[in-house]
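This report refers to the structure that appears directly beneath it.
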Amino acid sequence: MIAIQDLFESHLTVSDLDRAIEFYRDALRLPLASVIPERRVAFFWVGARGKAMLGVWETGKGPQKMTHHVAFRVDGNDLEAVPQSLRAAGIAPLDFHGRPAEEPVVLTWMPAAAVYFRDPDGNLLEFLAMLPGEARPELGVLPLSSWRAISA
């Protein structure tokens, strides 16, 4: 078997394609790669053009709904500004447990810092940055400020 190098593409289902395009293009500022109206799908570049792609597929509005999760890797230097940046875009930053977040949390088993949020259809999105240092899984999930105090 050949070695997998990276994840290129992921897809989410949405109830309103136009609303999803506005969210991903305007709020998250992902470059719109293509819209195929007859298939009710839009594709966005993630990172540099040709590096990775996100597809959003309109499935309509029904009483039953499935949500998905996608994590976007971001620069660790930008992560502390994520909660404020999301709030400025009208998006509620969340912690690991879905509570309002003032700062990133650290998933100590990796270790990585993350901030979560939801798109208009309830899909769980995440901005994540790997952290230097050794994993400390026994610590669970901590606020970034606590992780830094322990790791200093």
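When the chain is fully extended, how far beyond the present Cα-Cα distance does Met110 get from Glu80, taking 0.36 nm per residue of separation?
Working: separation 30, 0.36 × 30 = 10.80 nm, distance 1.80 nm.
Contour length minus the Cα-Cα distance gives 9.0 nm.
If you take all other residues with their beta carbon under 14 Å from the beta carbon of Leu30, and give Lys and Arg +1 and Asp and Glu -1, the sum is +1. Among the protein heavy atoms, those of Arg40 account for about 80 Å² of accessible surface (1.4 Å probe, every chain in place). Mind checking the per residue accessible area of the chain for me, 1.4 Å probe, whole number of Å²? Here the per-residue accessible area is 61 Å². For segment 15-79, the fraction of 1.4 Å probe accessible surface lying on carbon and sulfur atoms is 48 percent.
What shape does segment 37-102 have by the C-alpha gyration tensor, where a ≥ b ≥ c are the square roots of the eigenvalues, rounded means a/c under 1.5, and otherwise prolate means a/b greater than b/c and oblate the rest? Working shown, then result.
Details: a/c = 2.42, a/b = 1.31, b/c = 1.85.
Here segment 37-102 falls in the oblate category.
Which residue fluctuates the most in the chain, going by a Gaussian network model with Cα springs under 10 Å, if the choices are Ile21, Ile36, Ile91? The residue with the greatest mean-square fluctuation here is Ile36. A straight chain from Leu32 to Leu7 at 0.36 nm per residue would run longer than the Cα-Cα distance by 7.1 nm.
Which of the three applies to segment 1-89, rounded, prolate or oblate, going by the alpha-carbon gyration tensor with a ≥ b ≥ c and a/c under 1.5 meaning rounded?
On the way: a/c = 1.66, a/b = 1.16, b/c = 1.43.
It is oblate, given that a/c is not under 1.5 and a/b is not larger than b/c.
Whole number please: convex hull volume per residue, Cα atoms of the chain, in Å³. All intermediate terms of the calculation are to be shown ahead of the outcome.
Numbers: hull volume 23.4 nm³, N = 152.
Spelled out: Cα convex hull of the chain, divided by residues, is 154 Å³.
Put a dot 7 Å past the Cα of Arg148, heading toward its Cβ, do the same for Thr59, and the two dots end up 3.9 nm apart.
So, with a 1.4 angstrom probe, what is the percent of accessible area on segment 93-152 that is carbon and sulfur?
Exposed carbon and sulfur together represent 60 percent of the surface.
The values are calculated or read from the model by the stated rules, or taken from the named source; none is laboratory data. None of these values were measured; they are calculated from a predicted model. Cβ sites come from the backbone with ideal geometry, for glycine too, and all protein chains shown count toward neighbours. These accessible areas exclude ligands, DNA and RNA; they are computed on the full protein's heavy atoms, side chains included. Shrake-Rupley method; radii C 1.70, N 1.55, O 1.52, S 1.80 Å.
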